[in-house]
Every structure is written in structure tokens, then in C-alpha cells.
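Only one structure is covered here, and it is reproduced in the block below.
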Amino acid sequence: MELLNAFIVLANFVLVPAIAYGSQLALGALGVTLVYGVLRFSNFAHGDTMAFGTMVVILLTWWMQSIGISIAPLPTALLALPLGIAVTAALLIATDRTVYKFYRTQKSPPVIFLIVSLGVMFVMNGLVRFIIGVDDQRFSDGERFIISAREFKKMTGLSEGLAIKTTQGITVITAIVVVAVLFWFLNKTRTGKSMRAFSDNEDLALLSGINPERVVFYTWLIVAALATIAGTLYGLDKSFKPFVYFQLLLPIFAAAIVGGLGSPLGAIAGGFIIAFSEVMITYAWKKVFGYILPEALAPDGLVQLLATEYKFAVSFVILVIVLLFKPTGLFKGKAL
Amino acid sequence: MTETTKTFALFALVAVLIIGTGVIQSWNAALFILNMGLISAIMSLGVNLQWGIAGLLNVGIMGFVALGGLATVIVSMEPVPDAWDAGGLRILFGLGIGGLTIGGAIAAYKKIGNPRGRVLGMIAVLVVGMVIYRAIIMPAIKAVEAVNPATEGYLGGLGLPILLSWPVGGLLAAAAAWVIGKTALGLRSDYLAIATLGISEILIAVIKNEDWLSRGVKNAIGIPRPVPYEIDLQNDPAFVERAAGFGLDPTIASTLYVKLLYAGLFAIVLVVLVWLSQRALNSPWGRMMRAIRDNETAARAMGKNVTARHLQVFVLGSAVCGIAGAMMTTLDSQLTPASYQPLRFTFLIWVMVIVGGSGNNLGSILGGFLIWFLWVQVEPIGFWVMEIVTAPMAEDSAIRAHLLDSVAQMRLLTMGIFLLVMLRFNPRGLIPEK
């Protein structure tokens, strides 16, 4: 019984949140990795793309709520998602036409692209702040819990409760669906195959008649979808604040690099590695040890390795370790 | 137009803009722009050293600037004896143990031959070290932070003259840059960018949360100044008399005088750094750096140690940013960790370097002044434009209210568009590299 209780505490405070957070990071990292694989640069505007997409979804959600559309018990934001993706995709493709395309035809080095993406980041950040402001926005509605701690306790008779928020459930299910569709697209469809070919060897792909502009177009489309979904899920789960989305850039990049930049599978693995380390290292283990260990050995302190304020340090340290020992990432991304 | 006249004209333009601010708005505002412009120019000089001359991408300028700010607290604040009695030495001892742990882990990894053993050894050293470290430092920190938390609650500084903190800020930033450069240099350029982004976030988190060191978000206020206080000047009959000689009110005269003194100090630092940078740029060392930037492989083939040179210039550039950071905190007389925002302290500096002209020291200085001026003035200009745009709308229209409220956010948009337009149509900047 004690062990079961310990496991429930662990699941409630570590496993469930980390799985949800990991799914969000994985979707974000997939976007970064795709841009890297096809367009060959690190897109610093990705965090703000996520913020922009989420903002569009929030505005649509508010509008739907005001005219009484809802899909309760699910959050209305899910209904707004497709339209949000469309708007974000339009923005990204317009950005590509007006900004990135010029440097592509010039064959600029990746580092120039990176700096250009900093400019794009500024503009998107400014847009988001201009339209919706810098404050916290909550936009999740519908049922709050799939199972609440109290129900769980009543059901099982255990002294510890396990709560699963609706948003966490939706996050994981959506992430699985999105990843499945993405891999099906990349591996089975003609466009997906041409994208992979283009990412693998640009010259060879061009020789075999792949239209690069089409590949780029589809890449931005997918990146818009991934960014909007990741951002909306994160916003539903926690809350929407533009600056937090900018800060997500670090764990997302860490996830993509740990997995191997350019490798979609790696991005997913990286997302979960980063999320689990972040949650486990900043979690206070006192309660779990209290159940597992005999009374005499039970810890006095919180048994928290690092204060939550330092969660960025976790992704950073993992990043540094990977850079030192395995610079191509776990899944052999693009070479150095 | 020759290169020199163009440079001269552009700097004259900046001077006109600042003097214009003085005439139209107020001389205090103009001097504020001048002072921060000088600091911004030093920061962009540092970034230019890294990006313009060596082609290194540093996206963590904010962290180095904040370290400079921390240096002012450590160097110049009065020590808090009660806090030192409560646990100062224990904290130092704990930090020593922490350092030994990391050193021991590295040694274990290097010394143990067996591949599995070395990893296990390293982890064992780290775990044991961390447990001892926390056991020592945690109670000590608690004790220190409990000492008079409303006004102190930290160890204080060394009580040394504030000007000393400028070089110390540079040294701290250089040390951090060395660590980060050691790990990320030599890998692909994006990795350095991401690593610096990470280290800057962590440095800010440390300064925000380690109250015993910097008072954290409670802010270290009342940092000593290298110049006299306005109130003392106003009470000094000789000063009041001289101010009256210029036909100035003593209050205004004292604020202007203090700002001018700061401007003088900052200008000295800027001139020294520019002189050094110009010498470096035109020396064999500078030529070598540019050769490495333009063709790393060729430089390597010529026997140049590319990674070592990169580390060198990365450390130097970061040190310059640290000096500027210490100067800025000196000007503010307080360390407010919450005010360090990456868009303001990292990416704005990038706009300065790119717009001014990367690879050209004068260019980056020009960029520093010009972009800082715009950053300050975009808001009133934007507000004015918005007033005109929204004038036809109804007085109580929600859209009008929202637009007027959001004007403050126009800055980022403007800076982003500035950067993109510059990169597209004039990528070499206003004063291009020769």
C-alpha cells in the first residue's frame, strides 16, 4: 500500500505533468528541427511563432465563446485550432516570401538566416504584444478534470489522489495524433518524401526534379501547424503569456539538439528527456521518500535538487552535456 | 561622398538628434539619451568584436551585462557584518566545495582509463560532492538571508570604490565567457548561439534568486556613486552661485551637472576602448581574426589555432559587455534583476551592431547611439502618430483605447522592421567595413 501511494504521488506530481510538458516540447522541437532540416537554419523566431499562433486561437476562442459556440466538455480552443493554424501559416508563408526567400536565392550562410530570424522574432513579438498585450491570458473552458484527486481517492480508497487535467489528456492525445500524421506524411506521401530528399541532399533532390519552393511552402505549412498546436496546448495547460513563450525557446532548442537537429524522431525523444529531467530535478521528493523509506530514514528537508526558478538550468546542463559528449545528438542529426 | 565625410555626417546627425531632444524636450532627457547611448555604444563595440571581427554569434549579451551589474554590488556595497557572522564563511566554504566537486568530476573523467568506470566515477564524485555542498551551504544561506531581511539579508560587498567595479565586471563576464566558450566554441555556430542564450537566462536566474548574493528581486539599492549627489550640490553655496551665474535653477543645474560628469566618465571609457579596438583591428592580430572569419579552413591550413583565437576574442568581447553592464548599474545606482529583458539587452544590441555596420568599430558606435535614440523616442513618436490615426474614431471607442494603450509595444515592431530592412537592402550597415 505504501508503495502504491508513493507511486500515485509520483504519477500525480511528476509523471503526468512531465508527459504533458514533454508532448508540448516535442511538438515545438519538431517545428525547429523541420526548419533546420529543410531550410538549414536555427529558427529563433519559433517561440514567437508559437505565441502568435496561440494568440490567434485565443482571439477566435473568445469570439466563439461570445456567440455561444462550444464543444463542452472539450475546450473551445480545439475548435478554433484549424483556423488559427491557417492564419499562422499565412503569416509564415508571407514572411518567407518577403524575408527568407531573398536570402535563399542569395545562398546566404546559415548564420545570416539566424540573424534574420532574430529580426522576424522581434516583429512577431511586437505584433503579439501589440494585439493582445503582455499579460497572462486564460482561455481554457469546458471540463477541468478527467479525474480529480478526490474522485480518485474515493474510487481506490488510497490516501493519495491522482488528478488528470482535461488539458493534459488532450495534450497527449493530440500530440500522438499529430506525430502519427506527420510521420505518415513524411514517409508515405510524395510531398513528404520530396521534403526528406531535399533535407538529405539538396543538389540531388533538385536534379531529380523536386521543386524547392514547393518543399519550402509545405515546410512552413507544417511548421505553422506544429507551432500553433504546441503553443495552444501549452497555453491550455498553463496559461498564455508572450514572454513565457519566448523563454520556451531554450528547452525547445535543447530538445531538438539533444535528439539531433534535423531528426524528427530525435526531437520527440529530446522533448521528453528535457521535460522529465526538468520536472524530476525541480520536484520536492519528500513525500515520495516518506512512503518508500521506513519512518526512521524519512527525510526532513524537501529533497528538492534545484529550486523551480532554475528549471532553465536543467535544459541547459543537458544541452551542454550532449554538446560535450555527443555533438550530433542522440539520434545522429545533421553532422556538425 | 567619401567614406570619411559620410561617417562624419552620420555622427553629426546623431549629435543633432540629441541636441534637438535637449531643445525640444529637455536637457535632462537629452543627457539621459547621451549617457545610455555611450553605454550602448560600448556594448555594441563588444559585440562587434565578436561578430564583426570574428564572426561569433553571441545571443547572451544580457547575461554578461547583468554580471557587470552584479560586480558593482559585490565591489562597492558596504559589507554586512552580521550576515558575515551568520554564515558568510560557510557560504564561501560551500562554494569552494562546489568548485572542488566539479573539478574532481572532470579529473575523475580524465584520469580513469576504463570507459564505464570513468562515467561512474564522475557521477559518484558529483553526487557525493553535491550532498556535502548542499549540507553546508543551505543552512548558511538561510542564516544570511534572515539577517534584517527588509534592508539587508545579504552579504553585502567589499566597500571598495565603485569605479573599481567596472574592470571587475569585465573580469566576471570574461570568466563566464571562458567557461561557455570552452564548451561551445569549435562546434557549429548555432550551438554557440543557443549555449549563450542558455547561460544568460541562467545568470539572470541566479541574480534573481540568490538573495544572499545580490538581494535578488528585492533589488540592491543605494549603490555608491562616483559623482556627487544632487542634494549635496544644491546645499553647496559655491555650486548654487555658479549655477546662478549660468542663469540656472540650482535643482536643474545639479541634475545636469551630475549627468554631465557621468557622460565624461563614460566617454573616457569609450574612447579608451575604441582606441584599443582600432589598434586591435588594424594589428596583425586583427588581420588574422578577419582571415579566420572569412575562411576558417584556409586560416587553419596556415597554422592558426582557430578555436583558441575564437575563445580569446569571445572572452574579450564579453568582458567589454561586462564593463558596460557595470557602468549601467552605476548610472542607475541600483541593481534590479527583474529589469533584465533579453529583447532589450541582447537583441537590441544586435540591431545596433547590424544597423551601424558590423566589422567597423565606428559603425557599431554609431549604431549604439542611433538605435538607442530611436528606442527611446519611438514611443512618443508612435503615440503622436496613433493620436492622429485614431482622431477620427469615437472618443470612447474600444479600438482607439486599445491602440493607444499598445503604443508602448510599437518599439519591438519598429526595431524588428528596422533590422530586417537593413539586412535586406544594406547588409553591411551604415558605416561598412573597409
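Each value in this text was obtained by applying a stated rule to the coordinates, not by laboratory testing. Source: prediction; values computed, not measured. Every residue, glycine among them, receives a Cβ derived from its backbone with ideal geometry; neighbour counts consider all protein chains shown.
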Amide proton proximity set for A:Ile147, modelled H, under 5 Å, gap of 5+
A:Ile164
So if I take the centroid of the Cα atoms in segment B:402-433 and the same for segment B:101-146, what is the distance between those two points in Å?
47 Å
³J(HN,Hα), Karplus 6.51/-1.76/1.60, whole Hz, each residue of segment A:205-221, x for Gly, Pro:
5, 5, 4, 8, x, 7, 7, x, 5, 5, 4, 4, 4, 5, 4, 5, 4
So what's the Cα pair-distance distribution over segment B:81-155, bin width 5 Å, in %?
3, 18, 20, 15, 12, 10, 8, 6, 5, 2, 0
Which shape class, rounded, prolate or oblate, goes with segment B:230-329 when its Cα gyration tensor gives a ≥ b ≥ c as root eigenvalues, a/c under 1.5 marks rounded, and past that a/b bigger than b/c marks prolate?
prolate
A:Gln304's amide H: which non-local residues (gap 5+, or another chain) put their own amide H closer than 5 Å, with H modeled 1.01 Å from N in plane and none for Pro or chain starts?
A:Trp285
So, with +1 on the Cβ of K and R and -1 on the Cβ of D and E, and no other charges, what is the size of the charge dipole of segment B:81-155 about its Cα centre, to the nearest 20 debye?
700 debye
Listed residues B:Arg287, B:Arg411, B:Arg118, most fluctuating in chain B (Gaussian network, C-alpha, under 10 Å):
B:Arg118
With DSSP loop assignment and no more than 10 other C-beta atoms within 10 Å, the trypsin sites (Lys or Arg not before Pro) in segment A:227-336 are none
If each residue's Cβ is checked for other Cβ atoms within 10 Å, how do A:Ile273, B:Ile136 rank with the fewest at the top?
B:Ile136, A:Ile273
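Looking at chain B, identify the longest residue range that excludes and avoids all chymotrypsin sites (Phe, Trp or Tyr not before Pro) in DSSP loops having at most 15 other Cβ atoms within 10 Å. Don't skip to the answer; put the middle values down first.
Details: sites that count: B:Tyr229, B:Phe246.
Longest site-free region, per DSSP loop and neighbour criteria: B:1-228.
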Could you point to the residue in B:Leu34, A:Phe139, B:Tyr257 farthest towards the positive end of the protein assembly as shown's charge dipole, with +1 and -1 charges on the Cβ of Lys/Arg and Asp/Glu respectively?
A:Phe139
Whole Å is fine, so just give me how far the alpha carbon centre of segment A:73-99 lies from that of segment A:258-325.
33 Å
Whole-Hz Karplus couplings 3J(HN,Hα) for segment A:164-171, θ = phi - 60° and coefficients 6.51, -1.76, 1.60, Gly and Pro as x, run 10, 6, 4, 5, 5, x, 4, 4
Residues whose built amide H sits under 5 Å from the amide H of B:Ala220, excluding neighbours closer than 5 in sequence, are B:Leu335
State the answer as a single residue: which of B:Ile141, B:Ala105, B:Ala83 lies farthest towards the positive end of the charge dipole of segment B:81-155, with beta carbon charges of +1 for Lys and Arg and -1 for Asp and Glu, about the Cα centre.
B:Ala105
About the Cα centre of chain B, how large is the charge dipole given +1 on each Lys and Arg Cβ and -1 on each Asp and Glu Cβ? Please answer in debye to the nearest 20.
2280 debye
When the convex hull of the C-alpha atoms of segment A:1-112 is computed, what volume per residue in Å³ does it have?
136 Å³
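Taking a quarter of the surface of the convex hull around the Cα atoms of chain A, what do you get in nm²? Provide the component values of the computation, followed by the final result.
On the way: hull surface 76.4 nm².
Quarter of the Cα hull surface area: 19.1 nm².
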Using only atoms on other chains, find how many Cβ atoms lie within 10 Å of each Cβ of peptide B:185-192 and report the average.
5
Cα centroid distance between segment A:183-231 and segment B:197-254, in Å?
55 Å
Rounded to the nearest 20 Debye, what is the dipole magnitude of the protein assembly as shown about its Cα centre when Lys and Arg each give +1 and Asp and Glu each give -1 at the C-beta?
2860 debye
Provide B:Arg293, A:Arg97 in ascending order of the number of other Cβ atoms located within 10 Å of each residue's Cβ, fewest first.
A:Arg97, B:Arg293
GNM result for chain A, Cα springs below 10 Å: residue of A:Leu324, A:Leu39, A:Leu83 fluctuating most strongly:
A:Leu324
Ratio Rg/Rh [Cα only; Rh per Kirkwood] for the protein assembly as shown
0.97
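How do A:His46, B:His402, B:His310 rank when sorted from fewest to most other Cβ atoms within 10 Å of their own Cβ?
Numbers: A:His46 30, B:His402 14, B:His310 22.
Fewest-to-most ranking of A:His46, B:His402, B:His310: B:His402, B:His310, A:His46.
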Take the Cα of A:Met280, step 7 Å along the line toward its Cβ, and report every residue of segment B:125-164 whose backbone nitrogen sits under 16 Å from that point.
B:127
Putting +1 on Lys and Arg Cβ atoms and -1 on Asp and Glu Cβ atoms, find which of B:Val47, B:Ala193, A:Asn125 reaches farthest to the positive end of the dipole of the protein assembly as shown.
B:Ala193
